[in-house]
Amino acid sequence: MNLKKISRKKLKDNISGVASEVGTHIAIAVIAGLIVYVFASSGYESEISELNNRIEEMKSAERNALITKRISEQMEDIAYEQKALSDKQRERAEEQSRLADIERGKAELERGLAVKAEQQARASAQEAENMRAIAEQQSTLATQNMEEALKARSHADTLFYQSLARSLAQTSITQYKSGDKSLAALLAYSAWYYTDKFKGNVYHQDIYTALLDNAPRAKMRIGRVSGNPRAMAKLPYSSDKDAKKGYIIATDYGEISNFVPRVNSKGFVDNYDEQTIFNNPNYLFRDVCVANGNILALDVSGTLVKTSFTGTSTGTNDKRNRNEFAGRGQRPGQQIKEDGLISRKYLPMSNMPQERWRHLLQNSEGKIIAVGEHQVVWLDASGTSILYTHNIEDEISEAGVFENVLVIFTKTGKLHSFRNGKPSVSKQISLPRNNPVSYYYYMKGKGMHVLGTEDGDVLLYDKDMKYVRSLVGHSGAITHMEHLGWCLATSSYDHRICLWNLEDLNTQIAPIEVHYDKWPLSFTTNKDNWTLIVGLADGDIESLHISVEDNKDNVHDHIERDFTPQEWEYYIGEGVKYRRFKE
């Protein structure tokens, strides 16, 4: 081949073709040979220069290609290493994932087991709760049954012991009447003991009577007066240290006596000192009151006897004045004696028609009121001057005062009331069986009016005189009534004093009855020691102590012995634990 005849363009194309067909080293060698050949063959310096530049560029490209190749190889190696590492990590991740799946499976299994266990635990807890609820129900039911059983047993025991107590009380009453007072006292105290211990009624008639019989200070005769004790009054306390409080008793045989209680160191009344203040059988006293330190006694004929009691009792049963004035025939207005101890004078009911006088009262203003069969007279506090008079057409059966009001009851069933001597109310009241009122009493503490009738009815009315209820127990005319602590005491011609517990007016009220051989005509009360001073027909004066607590203590103080084993088994029973009552 003639290289000179080859055109430049064709040469370039050939070189490029060669370079593209062979490897880079061969192309460079060929090009270098051609260039040498060209430079050796021709003088194309510019082309040689261009070729040199081209060769430099190709060398640079070769170097860059080598570098790139090396970098590529390194990158490829790194990539392989990274791929290997990634494969290892992927394998590790897959292993971890597999392990995680295993662990997750275990966890799911355990969670399932836990859920199942929880469900079983809840079921067990629910079952336990149900069993607990059932157990509580059973326990509550058992407790209720036990309580009911205990209550039933307690109730049975209560009924047994209360029945036993009443049986002991009845036996005590029988033994007392037969004369065996030692056994009677022991039975009475044991009756009270079992009644009180088992919440029974210590005011039951048998319990009360047994204690009353066996308490030496409970019911005792304290003296005697001439005639029938028609009226009583209490002397007020005095600032005089030598004066004693006593009970004034006026009789229908003209006698006025003072009974002064003798109190021992324990505060109990052992006896009474009696003093006759006035005695004249020409007078028939129907009522008495104490006003301004004076004792005023009303004679049935209308004479008002005024006695000033300024001294003290001279001792037990002082009778030195009993017959001093008998038979003298003193006339109204005549003053007969003053001796420093007692002064007496007679005050006439001037210009009053002759009739039978029955009541002597004192209102809250201190005025004295005398009431006869038809006449009513108001006097001043001293009883010397007449202030007002009033005539009642119908016959008067009873009169009384509450606060400043005078009430009059007639035998026709009419009620008249007066305030300051002037009529205020006049009306017909309804009484059971149309019985006339025989006694009137006003219970200030309860604001109630109490009427006693000639047939023994005790009628309660409210403050406006509206009927409340009746108390049934007496069979004879009511002679006196007073309120003392827990009870209303009433006396009657049926030989009884009844004690009524008025704490609950809506329940059945059965009285405690105290029997007497004679009529209890009048009585008065001592609220300090729960005592009634009772005046009986024919002149006997007795005291009645109504406190159960004091009476049972009095009985206990006089118990002489305890039950023998044989007595205990006979009266109480071997099933009851033995105990001593004397100690």
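The values are calculated or read from the model by the stated rules, or taken from the named source; none is laboratory data. These numbers were taken from a predicted model, which means no experiment stands behind them. Cβ sites come from the backbone with ideal geometry, for glycine too, and all protein chains shown count toward neighbours. These accessible areas exclude ligands, DNA and RNA; they are computed on the full protein's heavy atoms, side chains included. Shrake-Rupley method; radii C 1.70, N 1.55, O 1.52, S 1.80 Å.
For the reader, a short list of remarks on this structure follows.
- Residue within region 522-539 that is of a type in the set (D, E, K, R) and open to solvent by less than 60 Å² (accessible area, probe 1.4 Å) present: no
Here's the yes/no breakdown for (1) open to solvent by less than 80 Å² (accessible area, probe 1.4 Å); (2) closer than 22 Å to Val514 by Cα; (3) not aliphatic (A, V, I, L, M):
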position: Glu136; (1), (2), (3): no, no, yes
position: Glu148; (1), (2), (3): no, no, yes
position: Ser178; (1), (2), (3): no, yes, yes
position: Ala184; (1), (2), (3): yes, yes, no
position: Val202; (1), (2), (3): yes, yes, no
position: Asp206; (1), (2), (3): yes, yes, yes
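- The residues in region 243-271 that are open to solvent by less than 10 Å² (accessible area, probe 1.4 Å) and more than 41 Å from the chain's Cα centre (by Cα) can be counted, and the count is 10.
- Of the residues making up region 416-443, those that are of a type in the set (Val, Ile, Thr) and either surrounded by fewer than 19 Cβ atoms within 10 Å (Cβ to Cβ) or modelled with pLDDT under 90 (or both) are Val425, Ile429.
- Taken over region 284-295, the criterion of being more than 13 Å from Arg358 (Cα to Cα) and in contact with a Ser or Thr (Cβ under 8 Å, 6 or more places away or on another chain) is satisfied by Ala291, Asn292, Gly293, Asn294, Ile295.
- Being more than 24 Å from Met220 (Cβ to Cβ) and open to solvent by 30 Å² or more (accessible area, probe 1.4 Å) is true of Asp504.
- If you go through region 391-415 and keep only what is surrounded by 12 or more Cβ atoms within 10 Å (Cβ to Cβ) and under 42 Å from the mean Cα position of the chain (by Cα), you end up with Glu398, Ala399, Gly400, Val401, Phe402, Asn404, Val405, Leu406, Val407, Ile408, Phe409, Leu415.
- Residue that is at positive phi, at pLDDT 80 or above and not small (Gly, Ala, Ser), where the choices are Glu373, Glu365, Glu403, Glu395: Glu403
- Pair list, Cβ under 9 Å, 6 or more apart: region 410-424 residue farther than 22 Å from Asp455 by Cβ, other residue outside any strand (DSSP E or B) and among the polar types (S, T, N, Q): Arg419/Asn404; Asn420/Asn404
- Residue, nearest to Leu212 (Cα to Cα), within region 507-531, restricted to residues that are assigned to a loop (DSSP other than H, G, I, E, B) and β-branched (Val, Ile, Thr): Ile509
- Residue list for region 552-566, filter: acidic (Asp, Glu) and more than 12 Å from Ala184 (Cα to Cα): Asp553, Asp557
- Filter result for the condition that a residue is outside any loop (DSSP other than H, G, I, E, B), crowded, with 18+ Cβ neighbours inside 10 Å and in contact with an Asp or Glu (Cβ under 9 Å, 6 or more places away or on another chain), over His474, His449: His449
- Restricting attention to region 458-470, the residues being modelled with pLDDT of 90 or more and either open to solvent by less than 20 Å² (accessible area, probe 1.4 Å) or closer than 16 Å to Ile408 by Cβ (or both) number 4.
- Condition check for Ser172: small (Gly, Ala, Ser), surrounded by 17 or more Cβ atoms within 10 Å (Cβ to Cβ) and either without any contact (Cβ under 8 Å) to a residue 40 or more places away in the chain or within 21 Å of Phe285 (Cβ to Cβ) (or both): no
One line per residue, one yes/no per condition, for (1) within 30 Å of Tyr203 (Cα to Cα); (2) open to solvent by 90 Å² or more (accessible area, probe 1.4 Å); (3) not in a helix (DSSP H, G or I):
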| position | (1), (2), (3) |
| --- | --- |
| Glu76 | no, no, no |
| Gln96 | no, yes, no |
| Leu109 | no, yes, no |
| Gly112 | no, no, no |
| Ser139 | no, no, no |
| Lys151 | yes, yes, no |
